[in-house]
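Data first, discussion second: the structure below is written as structure tokens.
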Amino acid sequence: MSFFSENINNTFGTTIFKKMNKIEHSMAEVKIAAVDDIPEGSGKTMQVGDKAIAIFNIKGEFYAIDNACLHRGGSLGDGFIDGSTVTCPLHGWQFDVATGQGVMPPSPGVKSYNIEVRSDDIFVEV
């Protein structure tokens, strides 16, 4: 029997059954901004629940990634944009805004989010 599926007795003598289960989270679309809120060639940090998400407008296409740089937690939404690469304003780490992939130094990167634009509103799937 694995650690996660053992029966554990608490101090009151009742049995607590713990088991590690795969939990499936359903994705939800949330309106995160209006198109006009994020001018072309810029980024902005938006809060969705407990997540800080960086939204970017690259040549009229919108992208979303986790806001915190992996190095020291710098705000990628406040970073410097060159093409589709954002540079963390703290120490220069770079990420691809479309995929979240680490560019410099190469790394798995940060989480990216699906974006949909409807009329003048931007929705992110979280």
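The values are calculated or read from the model by the stated rules, or taken from the named source; none is laboratory data. These numbers were taken from a predicted model, which means no experiment stands behind them. Cβ: placed from backbone, ideal geometry, glycine included. Neighbour counts: every protein chain shown.
Does residue 99 satisfy being of a type in the set (S, T, N, Q), assigned to a loop (DSSP other than H, G, I, E, B), modelled with pLDDT of 95 or more and touching a Gly at 6+ places or on another chain (Cβ under 8 Å)?
The answer is yes for residue 99.
Kindly provide the set of residues from segment 69-98 that are surrounded by fewer than 19 Cβ atoms within 10 Å (Cβ to Cβ) and in contact (Cβ under 8 Å) with a residue 24 or more places away in the chain, ordered by number. Reasoning before the result, please.
Here is the first cut: in segment 69-98, the ones surrounded by fewer than 19 Cβ atoms within 10 Å (Cβ to Cβ) are 70-73, 75, 78, 80-85, 89-92, 96, 98.
Scanning segment 69-98 gives 70, 75, 78, 81, 83, 84, 98.
Does residue 62 satisfy the condition of being at pLDDT 95 or above and closer than 22 Å to residue 117 by Cβ?
yes
Report yes if some residue within segment 103-124 is assigned to a strand (DSSP E or B), among the aliphatic types (A, V, I, L, M) and under 11 Å from the mean Cα position of the chain (by Cα); otherwise report no.
yes
Look at residue 71 and say whether it is modelled with pLDDT under 90, farther than 13 Å from residue 122 by Cβ and of a type outside the set (Gly, Ala, Ser).
Answer is no for this residue.
Step by step: first the residues of segment 18-51, then only those that are more than 17 Å from residue 117 (Cβ to Cβ) and in contact with a helix residue (DSSP H, G or I) (Cβ under 8 Å, 6 or more places away or on another chain), then the one that is modelled with the highest pLDDT. Which residue is that?
In this case the residue turns out to be 45.
Every residue in segment 41-68 that is crowded, with 18+ Cβ neighbours inside 10 Å, assigned to a strand (DSSP E or B) and under 11 Å from the mean Cα position of the chain (by Cα), please.
46, 53, 54, 55, 63, 64, 65, 66, 68
Somewhere in segment 106-126, is a residue charged (D, E, K, R), touching a Leu at 6+ places or on another chain (Cβ under 9 Å) and modelled with pLDDT under 95? Give the steps one after another, and end with the answer.
Of the residues in segment 106-126, the ones charged (D, E, K, R) are 111, 116, 118, 120-121, 125.
If we keep only those that are touching a Leu at 6+ places or on another chain (Cβ under 9 Å) as well, we get none.
There is no residue in segment 106-126 that is charged (D, E, K, R), touching a Leu at 6+ places or on another chain (Cβ under 9 Å) and modelled with pLDDT under 95.
Is it the case, given these coordinates, that residue 94 is of a type in the set (S, T, N, Q), at pLDDT 95 or above and closer than 21 Å to residue 116 by Cα?
no
If we keep just the residues of segment 75-96 that are part of a loop (DSSP other than H, G, I, E, B) and of a type in the set (Gly, Ala, Ser), which is nearest to residue 46 (Cα to Cα)?
The residue in question is 79.
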